[in-house]
1. Could you sort the peptides 531-539, 447-455 by per-residue average Cβ neighbour count (10 Å cutoff), highest mean leading?
2. Show the residues, 5+ positions off or on another chain, whose built amide H is closer than 5 Å to the amide H of GLY268.
3. If each residue's Cβ is checked for other Cβ atoms within 10 Å, how do ASP103, ASP694 rank with the fewest at the top?
4. Testing the spin-label approximation: label points 7 Å from Cα along Cα→Cβ at ILE216 and ASP439. State their distance in nm.
5. Near the amide H of LEU63, under 5 Å away, which other amide H atoms are found, from residues 5 or more places off or on another chain, if H is placed in the peptide plane?
6. Which ³J(HN,Hα) values in Hz, rounded to whole numbers, follow from the phi angles of the stretch 258-272 under the Karplus curve 6.51 cos²θ - 1.76 cosθ + 1.60, where θ = phi - 60° and Gly and Pro get x?
7. If Lys and Arg each add +1 and Asp and Glu each add -1, what is the summed charge of the other residues whose beta carbon sits under 12 Å from the beta carbon of GLU221?
8. Grab the beta carbon distance between GLU392 and ALA542, set R0 = 56 Å, and tell me the FRET efficiency rounded to 0.05.
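Derivation of every value follows stated rules applied to the coordinates shown; laboratory data play no part. It should be emphasised that the depicted structure is a prediction, and the values quoted were computed from it without experimental measurement. Virtual Cβ from ideal backbone geometry, glycine too; neighbours counted across all protein chains shown.
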Amino acid sequence: MSSGGRGPVRRGGFMEAAREIKAGAAFRKVRHGCGRVLTALIAAGCGLAGAAWLSAEPTRAELTNAMQVRRLLATELAQHPPVHLRGVITFHEPATGITFLQDQAAGIGVAAGVPSRLPTGLKEGMLVEVQGVAAPGAFAPVVAGKSGSPPEVKALGVVSLPNPRGLELADLLGGSQDGQWVELRGIIRSLVAKPFAPPVPEEFGEDQAAGQAAAIRLSIELGTAFGRFTVIVPWRPEDPPPTRLVNARVAVRGVLGSIVNQKRQWKGLLLYVPSLNEIGIERPPSADPFNLPLRAVDQIMTFQPEPQGEARVRVKGQVTLKQPGYRFFLSSDQGALEVQTPHSLAEVRLGSWVEAVGYPTLMGRRVVLQDALLRVASNSAPAKASRVSVGEALARDLDGELIAVNGRLFQNTMRGASRLLIIESGGQLVEATMGTALDPESRRAFEQLQPGTELELSGIAQVASAADWGGGLRPLSLSLLLRDIGDVRILHKPPWWTTRRLLGLVTVLVLLVLLGVVWVYLLRRRVERQTRIIRRNVQQEAVWEERSRIAQDIHDDVGAALTQISLLGELGRREGVEAGAMKRQLEKVVEKSREAVRALDEIVWTVNPRNDTAASAASYLCQAVQDFVRDSALRCRLQVPDELPESPLGAKARHHLFLAVREAVNNVVKHAGATELRLSIRVELREFVVGIEDNGRGFDPGLVQPERNGLGNLRRRLADVGGRFELTSQAGQGTRIILMVPLEGCLP
């Protein structure tokens, strides 16, 4: 292991290479200039037109140093301008294809493919010539080949690696130093060998695939004045073993690489180091770190009057929680802390007394020992949890301690792959997380915990804090890290009447209400259907009733008239009848025939649906009254508007109204002793109104029995169709009768 350099390499060789690069660049400029002149002369000699020369695609200038490529904009990188560089390979890992090149201007990445498809035999310190195109890269611009192939690389010889660049803190922000050959100084905090198996192309043979799978990387954590860096060193079996490096103060030379997210946004830096030869030890580590004096947990990172000279501290405590992979918690009489280590925890068990040597740091309110070395001192039974309230845990700052808290289970769920219990204790919610994998029996036990259960939870306290006005940390909330199902103790089971059952009951009630609504809706439709059937039956019965009435009228009126005509005819056929008697019999036959025709006319008018209007009823009533009084001494005066609305008036209403009008007119002709009759017809609001007025002798309605003179018939006929009857009369002043029938659709 070298202490300050790479070995007997010539640092001046890189300057010679730089002069060669400059001379080569100048030669290329002259060559390209002459080429363009010759091209123009040949085009002129061949008679090419100026328009054809303008239509040709212009030749893009070749980029000849790394800084030109790094300064390209995204739109320019998308055009893939040609690149021709000469420089020194500063890092090359064939297994991953990670390759960097540095010329006299800057460093830049080379897109070699995964694994590398560059020529074999390339290694750090080689002077090479690279020809390709500029491409965006994963973060910074790189040199790539055309059409997805790697760039052309030609080895020119072996030279010295360039002098590393010194860095300031501002240089490390934002990733501007990506790909640069630099030197960092610090303390190696941990070193772990990790097998690395990159994807193997199908065209690789078995030997090549085995070589790829056997690749090993050394992952080194380096603490510097600028922060913590991960150092990646490819390690080969022929390389010297990495001994006595942990806790050594070193100077490391390598290439800065960027850590980015999926959106190509910068997150941090790591350092690619070609080999262990680029790590120079400036101060060797201590012989045995476990010879350091034991430090009380509550004294870590407190004021010490004398310089310690050693960044690591040694503590001893009992393991109270162990999480797979990388961390566990230690507890002692002086307090508790978290230990993080890159080494295996196979020998560490709950209850073990462990010595740990590591680098202390403060994370919130908790001391964390990072990159720790471990030694198990003894094994014993696990520690007992201290029963405290939430308020006491916050007030005493028991962060990292093993405590037990009582509370009522509020929620039992999963957070990612971890089981999460939330309890309510002392008016505050406490989250308890089970981070380790559970066996099937423990998983079922967790799943059976119902909200409302009174629990006692044991685990490592984690106190969340917030900055107060004085710059200190104020405790806000408490959470627990559980170890296994044994940390959950049931104190009281939940009552039967739980929120879940209440929701189930509410759901059932809602379903019943919905079923009731559906049943009412279906019942309503059924009632409406039955109502339509009943209405149709009623209408049908009304039709049958009307037909029966018509048949009865025909039988009564027309049948009686025809019977009389038949009897009169029989009398006229007898022998010995005088001529005068024969004439009188014939006149009676004619009169009865007219009555029969008139009765048939009335029936036809009544049943014809075309006459179901107020206007038709008015016209027919006027004509019928005039025909009725034609043979009498009465003068008939009509008061009817020129136009009446076509309001509907059914057959039954028209028939009863006609009979009432005929009876009223008959009373005027026979009993009134009048000389004039006035008939008025009008439509008022929703009623068809007929007025019959005479100038006869009149009478006192109070002295006449209601059933006399056909008045009872009038009232009954109109009442059958929902109508009304009004009578006004005075002795010696005539009589006035008003008949009112509701229009169809207007019945009350």
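1. Order by mean packing, descending: 447-455, 531-539.
2. For GLY268, whose amide H was placed from the backbone, the distant partners under 5 Å are ILE259.
3. Ordered from fewest to most neighbouring Cβ atoms within 10 Å, ASP103, ASP694 come out as ASP103, ASP694.
4. Modelled inter-label distance: 3.6 nm.
5. Long-range HN contacts for LEU63: VAL83, HIS84.
6. 9, 9, 10, 9, 5, 9, 6, 9, 6, 10, x, 10, 9, 10, 8
7. Cβ neighbours under 12 Å give a net charge of +1.
8. 0.05
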